[in-house]
Amino acid sequence: FSLDYIGGDAYVGGIFQGSALFGSHQMTSTANSVNGFIAKIDSSGTWQWTSNTSGTGAQYLTKISVSPSGSIGVTGGLVGTTQNHNSATFGSISLSGEYYEAFVAVADSQGSWLWAKSAGSGMDDNYINWGFGGVGWTQSGDIIASGSICAGAQSSCTATFDGTQVTTTQGGQSN
């Protein structure tokens with residue numbers, strides 16, 4: 001689970017399986033799989049809203065960061081039930097991957113998903129840490145995500161980040 005604060009409000013992100021209840025806000029996971037969620041609780045302890053992911057396999061939402069303008073950035077990982085079979089849906093935005101993929105996504109101040117991007121290779125892409133290692137914001141409002149790619153690769157490995165490719169050296173891992 002991950003937590004961030006802004007103003008007197010707290011934002012929490014994490015995982016759940018089955019159903020979860022946050023005040024009057026109930027979520028149910030897809031086919032009883034592990035799904036990610038974000039939720040907001042105000043300074044008086046009242047849950048304001050929740051939003052969750054769905055898809056095949058599992059979506060591990062591990063880090064959350066709220067920008068000064070109220071946008072919510074999250075990172076995590078997609079884990080398929082079989083190789084070449086994982087997906088995640090963030091509202092109407094769908095991601096898919098070929099192995100253990102990492103993702104970064106942004107929601108607005110009300111928890112509606114604005115965009116989501118996956119990153120990965122044919123190897124383990126930060127699955128060891130359940131997705132990207134960190135998330136934050138620049139002063140100009142751009143999101144920054146960190147993590148590793150190509151874990152376990154015995155030769156060079158290429159990962160793709162929204163169309164941009166990064167290649168590690170033989171036996172290397174890029175962080």
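Numbers for the structure displayed
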quantity	calculated
Evaluation of THR75 against (1) among the hydroxyl-bearing types (Ser, Thr, Tyr); (2) crowded, with 19+ Cβ neighbours inside 10 Å; (3) outside any strand (DSSP E or B) (one fails), failing number	(3)
Any strands (runs of 3 or more DSSP E) falling wholly within the stretch 90-175 and containing at least 2 residues that are modelled with pLDDT of 75 or more and within 21 Å of ILE15 (Cβ to Cβ)	93-97, 101-107, 113-120, 134-137, 143-146
Filter result for the condition that a residue is open to solvent by 70 Å² or more (accessible area, probe 1.4 Å) and closer than 21 Å to TRP115 by Cα, over LYS40, LYS63	LYS63
Candidate set from the stretch 43-58 (those that are farther than 19 Å from LEU78 by Cβ and open to solvent by less than 50 Å² (accessible area, probe 1.4 Å)); member that is nearest to the chain's Cα centre (by Cα)	THR50
Among (1) at pLDDT below 95; (2) over 24 Å from SER146 (Cβ atoms); (3) touching an Asp or Glu at 6+ places or on another chain (Cβ under 9 Å); (4) among the aliphatic types (A, V, I, L, M), the one test that VAL79 misses	(2)
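The values are calculated or read from the model by the stated rules, or taken from the named source; none is laboratory data. Note that this is a predicted model, so its numbers are computed, not measured. For neighbour counting, all protein chains shown are included, and Cβ atoms are generated from backbone atoms with ideal geometry for every residue, glycine included. The accessibility values were calculated without ligands, DNA or RNA, using every heavy atom of the protein model including side chains. Shrake-Rupley method; radii C 1.70, N 1.55, O 1.52, S 1.80 Å.
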